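Each remark here refers to the structure printed beneath this line.
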Amino acid sequence: VQLQASGGGLVQAGDSLRLSCAASGRTFSNLIMGWFRQAPGKNREFVAAVTRSGTSTRYLGSVKGRFTISRDNAKNAVYLQMNSLKPEDTAVYYCAASGRWELRTSSSDYADWGQGTQVTVSS
């Protein structure tokens, strides 16, 4: 599946951003979708994932309550609503697709990746 992420930008602490990821090439509703991020000098880390139906989600502890992942299978899209952004949220954000049956937090379980979108949060 081909993935195209968008929506990043430069914001101030406390602001909100909504990332979008458009998918094409496979049956989107058969895929678990996830968001990961990578800050300079750090490893890529799991941020959030959503099941095929969109009914179950999982989050990185530090974003729980601030970020919301959702999907629209009719539009072949997944979203990451990010509220109350903090400088430590600064990173390149990637959307990814997994053919696994259950929600996964390891990047090795995701076969397809988008190109990434930069999110920069100033203090």
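The values are calculated or read from the model by the stated rules, or taken from the named source; none is laboratory data. As the structure is a prediction and not an experimental result, all values here were calculated from the model. Neighbour counts are summed over all protein chains in view; Cβ atoms, including those assigned to glycine, are modelled from backbone coordinates with ideal geometry. All accessible areas refer to the heavy atoms of the entire protein, side chains included, with ligands and DNA or RNA removed. Shrake-Rupley method; radii C 1.70, N 1.55, O 1.52, S 1.80 Å.
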* Asked: Sorted by accessible area with a 1.4 angstrom probe, largest first, how do THR117, THR57 fall?
  -> THR57, THR117
* Determine the relative contact order of the chain: mean sequence separation of Cα pairs under 8 Å and six or more apart, normalised by residue count, in whole percent. => 37
* Under-5 Å amide H pairs with ASP112, H placed in peptide plane, nonlocal only -> ALA97
* To do: Find the all-direction average of the projected area of the Cα convex hull for region 1-52, expressing the result in square nanometres with one decimal place.
  => 4.6
* Asked: Where does the charge balance sit around GLN2 when Lys and Arg score +1, Asp and Glu -1, over other residues with C-beta under 9 Å from its C-beta?
  -> 0
* Averaged over all directions, how much area does the convex hull of the C-alpha atoms of the chain cover when projected, in nm²? -> 6.7
